[in-house]
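Q: The structure under discussion is supplied below as structure tokens; questions concerning it will follow.
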Amino acid sequence: MTLLLAAAAVILLMFLSSLCSGMETGFYALDRVRLQLRAEEGDGRARRLLVAAARPAVAVCALLLANNVVNYFVSDAASALLDGVAPSSGGVLRQVLDTLAVTPFLFVLGDLAPKDAFLRAPTRLMLRFEPFFRLILAAFGPAAAPFLWLGRKIGGEGAGLAREETVFERAALGRLLTEEEEVAGLSPAQRDFAKRVLRLRTVRVADRMTPVKAVAAVRLDARASEIAALGAAVKRSRLPVWAPGGRIFAGY
């Protein structure tokens, strides 16, 4: 029974370690645009992730602390499991064997594989495991404060603070549309809106603006019939009004 408990503990702790490692990468790769869209549709998990994203240093530090604690217990549980399988009196040789047995699993299953998975589909996986992420923040967030304070003292006030991106930042929209695993999260209307915004990347101001000389405008002393006729001709409900002298506009 003790051997089964040790094996179950190793499996559970390895899963928790993989979640912590994966969420560390997933949190950095989160797409703010997708979260904002989901939050506006009433998704509570997306709203909470957006709140956490406003304090990225705290979230990442909490995940790192949790991962270190979990990895310590993984090693302890794995050592107990090895004791049950191959009892030993201890010593340096046993410590080396424990390291050789645990490290490959921790590296591949607890770090490399989950980071790759969360990097491929960060928003979907972070939303799925948001309750566990929230638990990590509640448990280790307060403990992160002294580490962040020390980091700022050593590296300056900006140390550890991620750059805030605007909600509809164009590069984020580009990533959103190219992540095939997650495109299904957008409605047709949202996808159409995103594509139209992306098209603005290649548009210059000169391509969108009308030269002043080509603007349909009326004089300050224009009669109502003249204004109505010009508005109907150019299909505009508002017309700019030239100030006296005809060099600047006085209003609409």
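The values are calculated or read from the model by the stated rules, or taken from the named source; none is laboratory data. Values in this document were obtained by computation on a predicted structure and should not be read as measured data. Virtual Cβ from ideal backbone geometry, glycine too; neighbours counted across all protein chains shown. For the accessible areas, the whole protein counts, side chains as well, though only heavy atoms, and no ligand, DNA or RNA atoms are used. Shrake-Rupley method; radii C 1.70, N 1.55, O 1.52, S 1.80 Å.
For every residue, the table says whether it meets (1) under 16 Å from T123 (Cα atoms); (2) modelled with pLDDT under 75; (3) among the β-branched types (V, I, T).
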| residue | (1), (2), (3) |
| --- | --- |
| L176 | yes, yes, no |
| E181 | yes, yes, no |
| G185 | yes, yes, no |
| V203 | no, no, yes |
| L220 | no, no, no |
| L230 | no, no, no |
| L239 | no, no, no |
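Matching residues to (1) open to solvent by 40 Å² or more (accessible area, probe 1.4 Å); (2) modelled with pLDDT of 80 or more; (3) among the aliphatic types (A, V, I, L, M):
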{"site": "L13", "(1), (2), (3)": "no, yes, yes"}
{"site": "D43", "(1), (2), (3)": "yes, yes, no"}
{"site": "A46", "(1), (2), (3)": "no, yes, yes"}
{"site": "P56", "(1), (2), (3)": "no, yes, no"}
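Q: Filter segment 15-41 down to the residues that are farther than 20 Å from Y72 by Cβ, among the hydrophobic types (A, V, I, L, M, F, W, C), part of a helix (DSSP H, G or I) and open to solvent by 10 Å² or more (accessible area, probe 1.4 Å) and list them by number.
A: Across segment 15-41, the qualifying residues are F27, A29, L37, A39.
Q: Taking the options L97, L150, L109, name whichever one is open to solvent by 50 Å² or more (accessible area, probe 1.4 Å), farther than 24 Å from D31 by Cβ and at pLDDT below 65.
A: Residue meeting the stated conditions: L97.
Q: Looking at (1) at pLDDT 55 or above; (2) surrounded by fewer than 11 Cβ atoms within 10 Å (Cβ to Cβ); (3) within 19 Å of the chain's Cα centre (by Cα), find the lone condition where T166 falls short.
A: (1)
Q: Quick check on T210: is it modelled with pLDDT under 65 and polar (S, T, N, Q)?
A: No, not satisfied.
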